[in-house]
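The values are calculated or read from the model by the stated rules, or taken from the named source; none is laboratory data. Keep in mind that this is a model prediction, so the values were computed, not measured. In this analysis, Cβ positions are derived from the backbone assuming ideal geometry, glycine residues included, and neighbour counts consider all displayed protein chains.
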Amino acid sequence: MSQLELRMHNGVSEIDAEAWDSLVIGDHPFVSHAFLAGLETHGCIRHEYGWQSCPLGLYAADTLVAAAPLYLKGNSHGEFVFDWSWASAYERNGLDYYPKFLCGVPYSPVSGPRLLVGNAAEPETLRRALITAIDQQTEALSLSSAHLNFTREADVEAMSGTDWLPRFDWQFHWKNRGWADFDEFLAALKPKKRKNIRQERAQVAAAGIRCEIRHGDELDDNEWRTLHHLYRSTFDAHGNHPALTDGFFRHLGRSMPRQVVAVLCHRGDRIIGAALCLRSSDTLYGRYWGAEEQIPGLHFEACYYQGIDYCIRHGLQRFEPGAQGEHKIARGFLPVRTRSFHRIRDPRFAAAIADALDRESRGLEMYRADLLAHSPYAEQSGLS
């Protein structure tokens, strides 16, 4: 491979969209140029929020051949791989944990490619070169650490043999088993679980709620305004900061209209609840939800059952409804491993964190066994 030149940019927006997207195999929405650049240009990535976009690009004769979405972080908000205790340990020892590097997607606990190399003839070489580049920049800036969150298998393989510490956790995903419709999916569940889901859906219908699914190019101005209002209301209710702007929501509708999937929950002519999802050619990703009224079963209907039905009707293979939530198991979602990697510069902290992660992993394996014991499916073979 010819000599590679490393460039650290001031944002994904600084990189040509076609060049960036050529490195993303498939149509994963969260690492697309439109999504990442949209966060920057519509006020979601700000210094005061603890984010500074500094993506890496590797160039061969001025042609972008590899890239990584990299951020300089001043806190751990919006990451969903929790290292607050690590930061606290640094502080107790009189050391600075922040700033640090994060290679990932802001505000999105969604697994996907992070070391972007497209269809290169030597993909492993390029992924290793990106890892080396992150290592070098971490050293050059004297940062405490670098983190690669929610990676896919190809990136996991590239981390083999490095001194980055592996970490994993569980999310709850639904997998399409070729069911013809929602009723056939229900038939695969244990009788009690099937009955509970039907009762929850009946509660929503009895409350006079009608749900419909619309894509980004099918939403009007008032509907976009309502979607963002409901998103904000959920974050405000839990004392969290709603970092995504109305402009960013609308940008998604313009730039990836058929990848935006909105569940609108109507009572009469009024939208009283909604869920906003994104999709690829094979996966639906649940992202944001809000409601103006507390209606029994509405959250499950908007965030899970409408999404499952959409996947079955459109032939999608997976539904990833977001982070955490053991209650998802009873509704057909089973534990799936998510992975991250962590480069800790201080060898003392690296050793202590490695030990903690080893103990954490043993506990998580036992946790999975307990989760699967509560699987809702009548036939367990192949469902784990």
Go through the residues of segment 316-325 one by one and say whether even a single one is modelled with pLDDT of 95 or more, more than 28 Å from His28 (Cα to Cα) and surrounded by fewer than 22 Cβ atoms within 10 Å (Cβ to Cβ). no
Can you report the number of residues in segment 1-42 which are of a type in the set (Asp, Glu) and either touching a Lys or Arg at 6+ places or on another chain (Cβ under 7 Å) or part of a strand (DSSP E or B) (or both)? 1
Being touching a strand residue (DSSP E or B) at 6+ places or on another chain (Cβ under 7 Å) and in a helix (DSSP H, G or I) is the requirement here; does Gly307 meet it? yes
Looking at Val65, Val117, Val105, which one is modelled with pLDDT of 95 or more and more than 22 Å from the chain's Cα centre (by Cα)? Val65
Positions within segment 224-250 being outside any loop (DSSP other than H, G, I, E, B) and farther than 21 Å from Glu40 by Cα, in sequence order: Thr226, Leu230, Ser233, Thr234, Asp236, Ala237
So, of the residues in segment 331-360 that are of a type in the set (A, V, I, L, M, F, W, C) and surrounded by fewer than 18 Cβ atoms within 10 Å (Cβ to Cβ), which turns out to be farthest from Gln136 (Cα to Cα)? Val336
Return the residues of segment 196-239 that are hydrophobic (A, V, I, L, M, F, W, C), out of contact with any strand residue (DSSP E or B) (no Cβ under 8 Å at 6 or more places or on another chain) and more than 19 Å from Leu252 (Cβ to Cβ); say none if nothing qualifies. Ala202, Ala205, Ala206, Ala237
Do any strands (runs of 3 or more DSSP E) lying entirely in segment 145-217 carry at least 2 residues that are touching a residue at least 24 places away in the same chain (Cβ under 8 Å) and in contact with a helix residue (DSSP H, G or I) (Cβ under 6 Å, 6 or more places away or on another chain), and which ones are they? 165-175, 210-215
Answer yes or no as to whether Leu56 is in contact with a strand residue (DSSP E or B) (Cβ under 7 Å, 6 or more places away or on another chain), farther than 22 Å from Phe168 by Cβ and either surrounded by fewer than 16 Cβ atoms within 10 Å (Cβ to Cβ) or of a type in the set (A, V, I, L, M, F, W, C) (or both). yes
From the list Ala37, Ala60, which residue is out of contact with any helix residue (DSSP H, G or I) (no Cβ under 6 Å at 6 or more places or on another chain), closer than 28 Å to Ala121 by Cβ and not assigned by TED's automatic domain parsing to the domain that holds His241? Ala60
Which condition breaks for Gly315 when tested against (1) touching a Leu at 6+ places or on another chain (Cβ under 6 Å); (2) at positive phi; (3) not aromatic (Phe, Trp, Tyr)? (1)
Go through (1) at pLDDT 95 or above; (2) farther than 21 Å from Arg287 by Cβ one by one and return the number of the condition His374 breaks. (1)
So Glu293 passes all but one of these: (1) outside any helix (DSSP H, G or I); (2) touching a His at 6+ places or on another chain (Cβ under 7 Å); (3) not aliphatic (A, V, I, L, M). Which condition number does it fail? (2)
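Rundown of residues vs (1) within 23 Å of Gly332 (Cα to Cα); (2) over 27 Å from the mean Cα position of the chain (by Cα); (3) surrounded by 15 or more Cβ atoms within 10 Å (Cβ to Cβ); (4) of a type in the set (Val, Ile, Thr), yes/no style:
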{"position": "Ala146", "(1), (2), (3), (4)": "no, no, yes, no"}
{"position": "Ala158", "(1), (2), (3), (4)": "no, no, yes, no"}
{"position": "Leu165", "(1), (2), (3), (4)": "no, no, yes, no"}
{"position": "Trp179", "(1), (2), (3), (4)": "yes, no, yes, no"}
{"position": "Lys193", "(1), (2), (3), (4)": "yes, yes, yes, no"}
{"position": "Ile197", "(1), (2), (3), (4)": "yes, no, yes, yes"}
{"position": "Ala205", "(1), (2), (3), (4)": "yes, yes, no, no"}
{"position": "Gly208", "(1), (2), (3), (4)": "no, yes, no, no"}
Given (1) of a type in the set (Val, Ile, Thr); (2) over 22 Å from the mean Cα position of the chain (by Cα); (3) not in a helix (DSSP H, G or I), identify the lone condition not met by Val336. (2)
Quick one: count up the residues across segment 36-73 that are within 18 Å of Glu18 (Cα to Cα) and of a type outside the set (Val, Ile, Thr). 18
List the number of the failed condition for Arg348; all other conditions in (1) outside the structural domain of Pro257 (by TED's automatic domain parsing); (2) touching a strand residue (DSSP E or B) at 6+ places or on another chain (Cβ under 9 Å) hold. (2)
